[in-house]
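Only one structure is covered here, and it is reproduced in the block below.
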Amino acid sequence: KQWYQRRVAITAGIARPGWPAEFLVNAQTAGVGHLSANIQGANTAPLVEIEEYAEGKFRSTFTAKESGDHDLFVYWCNEPVPGSPFLVHVEDALPPSAMIKTTGGRMLLTETVHRAGDSIDLDVDTKDAGDGQLAAVAIGPKGDAVPVEIISNRNRTFTLKLLTSKGGRYLVNVYFNGSHIPNSPFKVRVCNPEAIWAEGPGLMDSYVDDLGDFQVFTRDAGHGTLSVRVNGPKDKFRVDMWKGADRTVNCRYNPEVPGKYTINIKWEDEHIRGSPFMITVRKKSKENGI
């Protein structure tokens, strides 16, 4: 085996017909490459979907259409990883986790972008599932494990709380007796305007017709939309924006008249650090040597 193949680690879950199953692949020490996989049952070959949720870490899902043994083939750089093909047994009976209900909470608001520092909750009802153990863990934006607090309401209902600290996407895995509950993992999108900053001569006092160039650094901001507005003596000014490397946004405006200018930089409609920026644009003159 090539050295990079030996550095790929795989963790598999439980599979049942008609239910999404997952396996995780850690290739962080394998160097540059690409992951591929396929699975083969006795009569069907379910599609395997692969998502890189953090650098070098992959979450792969498939939905088996039949019970019985399946062969899971996993490749790195088109070469089998150690242990491939893996034996996956697809069990016929529905797990007790299929009876779990989610009855409320902000975690169900899939279109909402939450703020870093928010506590995101989920209400879970296990009464129809019988005896068992509820567990949860989240995967943070950097691929790290984030704890999820489980609060018992003493009537076989529970409230789960995820405390977010960074911008990005969280995957909240909720298990009952080791199997995912319906709709798990839950996706939580978080933005962090405080993690954004801007710098450049366009944010400082200048002279008429000096191009106002500056950069906005959004790498750790998570999900959201950037808006930049420049207001001056002639109200709004056109701002040209284009993407740079590493989630940097380059901005430029042309102050054509002297006066006071206000530069508003917002992420998800919230001001970033230092915004609004207040600057003065002066006329060029012989007295100031310009």
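Within the stretch 117-168, report the trypsin sites (Lys or Arg not before Pro) that DSSP leaves as loop and that have at most 14 other Cβ atoms within 10 Å.
Passing sites in the stretch 117-168 are Lys142, Arg154.
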When each of Lys236/Lys283; Lys57/Lys243; Lys65/Lys101; Lys243/Lys283; Lys142/Lys243 is checked by Cα-Cα distance, pairs over 28 Å: Lys243/Lys283
Ranking by accessible area, most exposed first, for Arg106, Arg273, Arg115, Arg229 with a 1.4 Å probe: Arg229, Arg273, Arg106, Arg115
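With n ≥ 4 as the cut-off for DSSP H runs, can you work out [θ] at 222 nm for the chain, using -39500 (n - 2.57) per run divided by the number of residues, rounded to the nearest 500?
On the way: 1 runs with 4 residues, N = 290.
Result for the chain: 0 deg cm²/dmol, rounded to the nearest 500.
Please compute the per residue accessible area over the stretch 6-153 with all protein chains in place, 1.4 Å probe, rounded to a whole number of Å². List each step's numbers first, then the result.
Numbers: 7680 Å² over 148 residues.
For the stretch 6-153, the solvent-accessible area averages 52 Å² per residue.
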Length-normalised contact order for the chain - Cα pairs under 8 Å, 6+ apart - percent: 12 percent
Average accessible surface area per residue within the stretch 193-244, 1.4 Å rolling probe, Å²: 58 Å²
Accessible area in the full protein assembly, largest first, 1.4 Å probe, for Met204, Met241, Met107: Met204, Met241, Met107
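Share of the chain's accessible area from carbon and sulfur, percent, 1.4 Å?
Working: 7570 of 15470 Å².
Carbon-and-sulfur percentage of accessible area, whole number: 49.
I need the calculated FRET efficiency for the pair Glu49 and Asn155, taking r as the beta carbon distance and R₀ as 25 Å, to the nearest 0.05.
Taking R0 as 25 Å, the efficiency between Glu49 and Asn155 is 0.10.
The values are calculated or read from the model by the stated rules, or taken from the named source; none is laboratory data. Because the structure is a prediction, the values reported are computed rather than measured. So basically every Cβ, Gly included, is an ideal-geometry build from the backbone, and we count neighbours across all protein chains shown. For accessibility, only protein heavy atoms count, side chains too; no ligands or nucleic acids. Shrake-Rupley method; radii C 1.70, N 1.55, O 1.52, S 1.80 Å.
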